[in-house]
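What follows is one structure encoded as structure tokens, with my remarks underneath.
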Amino acid sequence: MIIIKADKITKTYSIKKNINIILKNITFSIKKNEFVFVVGPSGSGKSTLLYVLSGIEDYSSGSILLFDKELNTYSDKEMSIIRQKKIGFVFQSYNLIPNLNVYDNVKLAVILGNNKLDNINKCLEQVKMLEYKDYYPNQLSGGMQQRVAIARALVNDPEIIFADEPTGNLDNKNGIEVMEIFKDLNKKLGKTIIMVTHNVDLIKFGTRVIELFDGKILSDEKLY
Ligand SMILES: Nc1ncnc2c1ncn2[C@@H]1O[C@H](COP(=O)(O)OP(=O)(O)OP(=O)(O)O)[C@@H](O)[C@H]1O
Ligand SMILES: [Mg+2]
């Protein structure tokens, strides 16, 4: 089942009088349960692609069907429901709220998603952070903060998880631990994952690799 279908999408940014074309005629589809890596040099448009596919940024032309409906025809209200319930986003820099403890950081996502609070402990357990539920972000290591950010992205049980270099700030050991969590989410819970990485060693965790170069798809390879 296809859950994202991008057809000839372009994205431009205007800076003063210059128009920069960041994404150029990007066409591909993502099926439910794929684990897609997006790779490519710095500045090739990886983050922009994730932002556009997840509705954080507009696209300039082309078509994106997200859950079978053109993304830019969702109303603001529909889009916020999708963001709260159907997609989760994990950022490289965690983006936890400093004056909320671990539990409350995750709880905030539940409240915004109008969901039941029952799931919070289970998600914290899943990322092995339950015993740190009373800690504040500045009392945690980077790997721990990233695990809380993953719990927050998961807590409303989204179908798609976008992750922009979620291991970029972590050492090798913490990076592998975080990747094991994503692998389980994909394999055991059937989540669709779209992840940007610079680290070619991680690609083995995925099912497909899309390589961007200068805003275009250079290659798109199924791993198995
Ligand atoms: N808000 C913006 N306004 C103008 N230009 C932007 C904006 N965001 C990104 N760009 C430009 O788009 C291009 C692609 O940026 P993007 O962040 O998608 O690259 P990336 O592949 O994620 O790079 P990195 O690996 O360094 O994170 C860059 O040239 C960048 O300058
Ligand atoms: Mg980026």
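The values are calculated or read from the model by the stated rules, or taken from the named source; none is laboratory data. Quick caveat, the model's predicted, so the values are computed rather than measured. Note: ideal-geometry Cβ built from the backbone for every residue, glycine included; neighbour counts use all protein chains shown.
Take the range 27-65 and flag every residue that is free of Cβ contacts under 8 Å to residues at least 24 places away in the same chain and either under 26 Å from K187 (Cα atoms) or surrounded by 21 or more Cβ atoms within 10 Å (Cβ to Cβ) (or both). Answer for the range 27-65, where residues must be free of Cβ contacts under 8 Å to residues at least 24 places away in the same chain and either under 26 Å from K187 (Cα atoms) or surrounded by 21 or more Cβ atoms within 10 Å (Cβ to Cβ) (or both): just Y51. Restricting to the range 42-77, name every residue that is closer than 16 Å to L218 by Cβ and either modelled with pLDDT under 95 or of a type in the set (G, A, S) (or both). Answer for the range 42-77, where residues must be closer than 16 Å to L218 by Cβ and either modelled with pLDDT under 95 or of a type in the set (G, A, S) (or both): S42, G43, S44, G45.
Of the numbered criteria (1) under 20 Å from V155 (Cα atoms); (2) outside any helix (DSSP H, G or I); (3) of a type in the set (A, V, I, L, M), the one I26 fails is (1).
Each row is one residue, and each column tells you yes or no for (1) touching a residue at least 24 places away in the same chain (Cβ under 8 Å); (2) closer than 30 Å to V200 by Cβ.
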residue: F67; (1), (2): yes, no
residue: K77; (1), (2): no, no
residue: I81; (1), (2): no, no
residue: M129; (1), (2): yes, yes
residue: Q139; (1), (2): no, no
residue: Q146; (1), (2): yes, yes
residue: I150; (1), (2): yes, yes
residue: D157; (1), (2): yes, no
residue: I161; (1), (2): yes, yes
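Here are some conditions: (1) at pLDDT 95 or above; (2) outside any loop (DSSP other than H, G, I, E, B); (3) surrounded by fewer than 19 Cβ atoms within 10 Å (Cβ to Cβ). V106 meets all but one. Which one does it not meet? Unmet for V106, out of (1) at pLDDT 95 or above; (2) outside any loop (DSSP other than H, G, I, E, B); (3) surrounded by fewer than 19 Cβ atoms within 10 Å (Cβ to Cβ): (3). Of the residues examined, N99 is not one that is away from ligand 2 (no atom under 16 Å from the Cβ), outside any strand (DSSP E or B), under 17 Å from the mean Cα position of the chain (by Cα) and not β-branched (V, I, T). Of the residues making up the range 71-90, not a single one is under 22 Å from H198 (Cβ atoms) and within 10 Å of ligand 1 (Cβ to nearest atom).
Take the conditions within 16 Å of ligand 1 (Cβ to nearest atom), more than 19 Å from I160 (Cβ to Cβ), at pLDDT below 95 and out of contact with any strand residue (DSSP E or B) (no Cβ under 7 Å at 6 or more places or on another chain) and apply them to K17. Does it pass? Yes; evaluated as a whole, the condition is true for this residue. Listed residues N119, N172; which is surrounded by fewer than 22 Cβ atoms within 10 Å (Cβ to Cβ) and within 30 Å of K77 (Cα to Cα)? Every option except N119 fails the conditions.
Just to be sure before I move on: is I161 under 22 Å from M195 (Cα atoms), modelled with pLDDT of 95 or more and hydrophobic (A, V, I, L, M, F, W, C) in the structure I sent? When the stated conditions are applied, I161 passes them. Among the residues making up the range 42-61, those that are more than 18 Å from S14 (Cα to Cα) and more than 13 Å from ligand 2 (Cβ to nearest atom) are L53, S54, G55.
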